Structure formats: C-alpha cells, structure tokens
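> Following this message is one structure expressed as structure tokens.
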Amino acid sequence: MGVVYKVVETSDVTDIELERILNETTDQGWTLDAMQFAMRDSSKRPAMAFLTFTRSDGN
C-alpha cells in the first residue's frame, strides 16, 4: 500500500484561511502531514504557507 501526497500553498496566511484549508482538505479524506511557512526578511509575518497532506493510494 502506497502513500499519495497533496501540497496546498497559500499566500493568505491567516488563521481563517489556514482553518478553511485544513477543514476542507481533511473532509476530503486527507491527513495533515506538515505545515511550513516562508518568511519575508522585512516582516515577522509569514509570506506563504505550505500544507502537506497524505492518504493511502488504495492499493
């Protein structure tokens, strides 16, 4: 049995947007694997977020 990955990228790094992505994607059967942030040098706020999800490929 293999694993399938899905990466969702967003530049709207707010709690509301991250919650929306998490809820919608997990409702589709995906499991959160990791969340990473890309930072700007001039700001303490992340410029982008990358959410990685996994699920079984069914084989």
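> What pairs can you find where one residue is in the range 7-21 and closer than 14 Å to Ala38 by Cβ and in contact (Cβ under 8 Å) with a residue 12 or more places away in the chain, the other is assigned to a helix (DSSP H, G or I) and not polar (S, T, N, Q), and their Cβ atoms are less than 8 Å apart, with a gap of 6+ or different chains?
That search, which allows pairs on different chains as well, returns Val8/Ile21; Thr10/Glu17; Thr10/Leu18; Thr10/Ile21.
> I'd like the full set of residues that are among the hydroxyl-bearing types (Ser, Thr, Tyr) and either in contact with a strand residue (DSSP E or B) (Cβ under 8 Å, 6 or more places away or on another chain) or modelled with pLDDT of 95 or more (or both), limited to the range 39-53.
Thr52
> From Thr31, Thr26, grab the single residue that is touching a strand residue (DSSP E or B) at 6+ places or on another chain (Cβ under 6 Å), of a type in the set (S, T, N, Q) and surrounded by 11 or more Cβ atoms within 10 Å (Cβ to Cβ).
Among Thr31, Thr26, only Thr31 is touching a strand residue (DSSP E or B) at 6+ places or on another chain (Cβ under 6 Å), of a type in the set (S, T, N, Q) and surrounded by 11 or more Cβ atoms within 10 Å (Cβ to Cβ).
> Say we look at the range 38-59 and pick out the residues that are closer than 22 Å to Val4 by Cα and loosely packed, with under 13 Cβ neighbours inside 10 Å; which of these is nearest to the chain's Cα centre (by Cα)?
First, pick out the residues of the range 38-59 that are closer than 22 Å to Val4 by Cα: 49-59.
Narrowing the set further to residues that are loosely packed, with under 13 Cβ neighbours inside 10 Å leaves 56-59.
Values: Ser56: 17, Asp57: 19, Gly58: 22, Asn59: 24 Å.
This residue is Ser56.
Residues checked against (1) part of a helix (DSSP H, G or I); (2) closer than 12 Å to Phe53 by Cα; (3) out of contact with any His (no Cβ under 6 Å at 6 or more places or on another chain); (4) at pLDDT 95 or above:
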{"position": "Met1", "(1), (2), (3), (4)": "no, no, yes, no"}
{"position": "Val4", "(1), (2), (3), (4)": "no, yes, yes, yes"}
{"position": "Val7", "(1), (2), (3), (4)": "no, yes, yes, yes"}
{"position": "Arg20", "(1), (2), (3), (4)": "yes, no, yes, yes"}
{"position": "Thr25", "(1), (2), (3), (4)": "yes, yes, yes, yes"}
{"position": "Ala34", "(1), (2), (3), (4)": "no, yes, yes, yes"}
{"position": "Phe37", "(1), (2), (3), (4)": "no, no, yes, yes"}
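The values are calculated or read from the model by the stated rules, or taken from the named source; none is laboratory data. On a predicted model such as this, the values are computed, not experimentally measured, just so you know. Quick reminder, even Gly has a Cβ in these numbers, built from the backbone with ideal geometry, and neighbours come from all protein chains shown.
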